[in-house]
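Undergrad: One structure coming up, written as structure tokens, with questions to follow.
The values are calculated or read from the model by the stated rules, or taken from the named source; none is laboratory data. Treat the numbers as computed from the prediction; the structure is a model and nothing was measured. Please note: Cβ atoms are built from the backbone with ideal geometry, for glycine as well, and neighbour counts cover all protein chains shown. Side chains are part of the model used for accessible areas, which takes the heavy atoms of the whole protein and leaves out ligands, DNA and RNA. Shrake-Rupley method; radii C 1.70, N 1.55, O 1.52, S 1.80 Å.
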Amino acid sequence: MKKSLLIACIILAGMSASAQVSTLLEKGKSGIGIKGIYETSNTYYGFGGKIGGSVVGKVDVEFLYRYNFWDQTKNNLLSGDANSTYYEGRLTWWLIRKEIIPAIDVNFGLLGGFHYSKFSKFEYSDGLDTASNNYYMDGQLGLAASVNFQVAKSWFLQPALTFIYDIGTEQISVLDINLNTSSHGVTSKIGLTLMKRFARGSALYLNAEQYSETYSTYPYYQLSLGYVLPF
């Protein structure tokens, strides 16, 4: 059970919730965005990508894929080849996008989504038996907030904060018998984005995030580089 909870919290930490397309575009603009992702913790690291679109700067639709490599020693695994694939879909509705004073905008939204992770060769000892993780999936509801600071003519800083409540299920195998367990919890994320906006509204950005959750005391980190293009 401890192993299952650890895996669940690591998967939840993989959720990429900041730097949505809408908040990186000028208000009222539709557009598309893409970014590359590197994520790491003390038990795994992974690479992936994310593609998304904004509808008139109010609604974001995003899809993420990541491939993770798991540390054999720190996870007490029987093999050094354990890996997992991570898929995520998310919809964010921005209720508030407002200029407080010149050069400072605030954004607040509601989000919902789902995620599915498939494990391979993730085997470990469970007492006298060998167990393996098969998959983990969940549904998500949350709140997202950020502030855009214009720090120079075409440069912006965007600190962000996100809270997500999820309900998930995990499947493990012991002696070729599949066992399903359910879980729920809260994940919080703080992030900071540095963005360079170009003349026609497109932007290049660098994003860093730290995750915490109710399943574990360990933080997780993500670094990404992305580009957004308005229609």
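Undergrad: Using a 10 angstrom cutoff on alpha carbons, build the Gaussian network for the chain and name the most mobile of Thr73, Thr23, Thr92.
TA: Of Thr73, Thr23, Thr92, the Gaussian network model singles out Thr73 as fluctuating most.
Undergrad: If you don't mind, there's one more thing I want to ask. At q = 0.19, 0.21 Å⁻¹, work out log10 I(q)/I(0) for the stretch 143-212 with the Debye formula, treating every Cα as an identical point scatterer and leaving solvent out; two decimals please.
TA: -0.81, -0.90
Undergrad: Here's a follow-up. Just the number, please: carbon plus sulfur as a percent of the accessible area of the chain, 1.4 Å probe, no ligands or DNA/RNA counted.
TA: 66
Undergrad: What translational diffusion coefficient, in µm²/s and rounded to a whole number, does the Stokes-Einstein relation yield for the chain at 37 °C and a viscosity of 0.692 mPa s, taking the hydrodynamic radius as the Kirkwood radius over Cα pairs?
TA: 179
Undergrad: Run the reach check for Lys189 against lysines, Cα to Cα strictly under 25 Å, same-chain hits fewer than 8 apart removed. What comes back?
TA: Of all the lysines, those that pass the test against Lys189 - Cα under 25 Å, at least 8 places apart if same chain - are Lys2, Lys3, Lys27, Lys35, Lys50, Lys58, Lys74, Lys98, Lys118.
Undergrad: Can you give the angle from 0 to 90° between the axis of helix 2-13 and the longest principal axis of the chain, with both taken from C-alpha atoms, to the nearest 10?
TA: Once rounded, one gets 20 degrees.
Undergrad: For the chain, set up a Gaussian network in which alpha carbons nearer than 10 Å are linked by springs, and say which option among Gly168, Gly80, Gly46 fluctuates the most.
TA: Gly80
Undergrad: Sticking with this structure for a sec: Loop only per DSSP, at most 16 neighbouring Cβ atoms within 10 Å: give me the chymotrypsin sites (Phe, Trp or Tyr not before Pro) in the stretch 109-216, ordered by residue number.
TA: Qualifying residues, ordered by number: Phe198.
Undergrad: Keeping all protein chains in place and using 1.4 angstrom, which order do Ser117, Ser154 fall into by accessible surface area, from largest down?
TA: Order by accessible area, largest first: Ser154, Ser117.
Undergrad: Report ³J(HN,Hα) in whole Hz for each residue of the stretch 155-168, in order, from the Karplus equation J = 6.51 cos²θ - 1.76 cosθ + 1.60 where θ = phi - 60°; Gly and Pro get x.
TA: Listing the rounded values in order: 10, 9, 10, 9, x, 9, 9, 9, 10, 10, 9, 10, 10, x Hz.
Undergrad: If you don't mind, there's one more thing I want to ask. So how far, in whole Å, is the C-alpha centre of the stretch 60-78 from the one of the stretch 127-157?
TA: 13
Undergrad: Then there's this: Take every Cα-Cα pair in the stretch 88-192 and report what % of them are more than 24 Å apart.
TA: Looking at the stretch 88-192, the distances longer than 24 Å represent 46 percent of pairs.
Undergrad: On to the next question. Please compute the per residue accessible area over the stretch 146-231 with all protein chains in place, 1.4 Å probe, rounded to a whole number of Å².
TA: Here the per-residue accessible area is 55 Å².
Undergrad: Most mobile of Leu157, Leu143, Leu78 per a Gaussian network model of the chain (Cα springs, under 10 Å)?
TA: Leu78
Undergrad: Sticking with this structure for a sec: May I ask you to derive the relative contact order of the chain, considering only C-alpha pairs under 8 Å and at least 6 residues apart, and to give it as an integer percent?
TA: Computed value for the chain: 19 percent relative contact order.
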